[in-house]
1. So which residues in the range 366-388 are within 16 Å of the ligand (Cβ to nearest atom) and surrounded by 23 or more Cβ atoms within 10 Å (Cβ to Cβ), if there are any at all?
2. When you scan the range 201-228, how many residues do you find that are within 15 Å of the ligand (Cβ to nearest atom) and over 14 Å from THR132 (Cβ atoms)?
3. Suppose we filter ALA158, ALA231 for residues that are within 16 Å of the ligand (Cβ to nearest atom), hydrophobic (A, V, I, L, M, F, W, C), open to solvent by 40 Å² or more (accessible area, probe 1.4 Å) and in a helix (DSSP H, G or I); which single one remains?
4. Name the one entry in ALA112, ALA89, ALA62 that is in the same structural domain as GLY423 (by TED's automatic domain parsing) and either of a type in the set (D, E, K, R) or open to solvent by 10 Å² or more (accessible area, probe 1.4 Å) (or both).
5. Do any residues in the range 216-241 that are in the same structural domain as VAL262 (by TED's automatic domain parsing) and charged (D, E, K, R) have Cβ atoms under 6 Å from those of residues that are more than 12 Å from the ligand (Cβ to nearest atom) and not in a helix (DSSP H, G or I), where the two are at least six apart or on different chains, and which pairs are they?
6. At least 3 residues that are closer than 23 Å to LEU271 by Cβ in each: list the helices (runs of 4 or more DSSP H) lying fully within the range 27-134 that qualify.
7. For LEU295, state whether it is open to solvent by less than 20 Å² (accessible area, probe 1.4 Å) and aliphatic (A, V, I, L, M).
8. I'd like the full set of residues that are β-branched (Val, Ile, Thr) and closer than 23 Å to GLY224 by Cβ, limited to the range 79-106.
Amino acid sequence: MGETKKQKQLHLAGFIFSGRATQAWRHPEIDAHQSLDVDYYIEYAQLAEKAKFDTLFLADGASLHLEDVEKHYWSISTFEPVTLFSAIAARTKHIGLVYTASVTDNEPTHVARQLASLDHISHGRAGWNVVTTPGPGTDNLGISKQETFDSAAKYKRARSFLNIVRALCDSFEEDALVRDKKTGIYADLSKIHPLHVDDGLYKIDSPLRIERPPQGHPVIAQAGTSPEGVAFGGSSADLIYCANYSIKDGQETFRKLKAAAVAAGRKPEHLVILTGVAVIWGPTQEVAERRLKELTELWPIEAAVQNLGIDFGAANLDDPFPDHYDIGGIRSSGRAAAIASFARDNKLTIRQTAERCSIGLGHRPLVGTTQSIADDLQAWLEAEATDGFAVIQPRLIDGLRDFTEHIVPELVRRGLFRTEYEGKTLRENLGIPKPENIYSRKKVAS
Ligand SMILES: Cc1cc2nc3c(=O)[nH]c(=O)nc-3n(C[C@H](O)[C@H](O)[C@H](O)COP(=O)(O)O)c2cc1C
């Protein structure tokens, strides 16, 4: 009798809005104050947790771009991620809390301390999306603009930063705090390790002021797409968040990243790839399309076209998507090519492409019914184009409600999604082992 192959299951992240662009606040059924309403985020998190999503994912950038103010984005006034996630952690039990912090806007000690604190507060659910920030970044830390455009320099900083954060998390061995009331000995000094780094970028001479996080190292996510970004993510990340518009492109990203993980001596299943997808559900295709239209109509078309990051020159917006175009400024050529092939595959005009893509923060829009959406997600999983999805809800919490009430039960029925959390920590739910403390490991080896 042939052995039955275990059905591979999807991992799901709920993209919790904060750091990026949306015009959904103009929708008559959406409360325009939600971007700064902690109860709204808690309700969103609890709903995603009830449906057994692996994690929340919070995109972010520290600077306020005046261009975003001019576009009237909802997210120009919003919470700092760790503060928000600490509030959510106290009101949830299982769901992961992955937030974004850039290596050009922060110092490693601050990130390590916040991340370790969030991991303790949430009992092992914290994750950090390590970004290098595209383009000029902020002036917060006096990092030169030159460096923020230079991929090799950006990822040299990212590697150094991440290595320091991980080593700082290991400052305390698991049994470093004795807390012996009789002898008065609180800590075993031999088990607390100052880190010494002086690599031209960072100078560190102290241990972190907090015990090792429950996950050892909180989950590390990454979202870079340059060759340096892929090498960094493949060798160093636990979770990759990426944007692809076709199964073919997804398969290529999947192969590249898993190969980079294997080349770094890792098991490919210890690198979980999540692809962004912006879902609009309806009981019929017609209703779903109407809901899409209600949202796209809220976007000034100029802002939607500008968001594609593509320069169409003198082309008419109602022309078919052109074969030749320029990419604007710092935007990514890979992303432009993906959008172009999505537009051509679906025979869209420039206007239709801009409208569809405006709602997904740069991710593939998926507009359909329970069956068609579940078929699509299943096809990507089975084609090895992804391990799961970062699900963006253009209709915000109403969209999440649709997704959890209609699509999740269908995915469960197909054996593609869990009915219970497998473990207690985010690492356990993602199937990624807890790393050993470098100092305990050295002792065993010597
Ligand atoms: C799907 C996706 C999501 C991203 N989210 C963020 C974000 O929230 N904040 C940010 O500063 N950069 C974000 N980025 C930018 C990257 O993480 C990365 O720092 C940037 O693209 C430069 O790296 P690269 O040249 O390797 O692409 C995102 C990129 C992708 C592909």
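1. TRP380, THR386, ASP387, GLY388
2. Summing the residues that are within 15 Å of the ligand (Cβ to nearest atom) and over 14 Å from THR132 (Cβ atoms) in the range 201-228 gives 0.
3. The match here is ALA231.
4. Among ALA112, ALA89, ALA62, only ALA62 is in the same structural domain as GLY423 (by TED's automatic domain parsing) and either of a type in the set (D, E, K, R) or open to solvent by 10 Å² or more (accessible area, probe 1.4 Å) (or both).
5. These pairs meet every condition: ASP238/VAL219; ASP238/ILE220; ASP238/ILE432.
6. 108-121
7. When the stated conditions are applied, LEU295 passes them.
8. Once the filter is applied, which keeps residues that are β-branched (Val, Ile, Thr) and closer than 23 Å to GLY224 by Cβ, the range 79-106 yields VAL82, VAL98, THR100, VAL103, THR104.
The values are calculated or read from the model by the stated rules, or taken from the named source; none is laboratory data. Quick caveat, the model's predicted, so the values are computed rather than measured. We place every Cβ from the backbone using ideal geometry, glycine too, and count neighbours over all the protein chains shown. When the accessible area is computed, the model is the full protein with side chains, heavy atoms only, and any ligands, DNA or RNA have been set aside. Shrake-Rupley method; radii C 1.70, N 1.55, O 1.52, S 1.80 Å.
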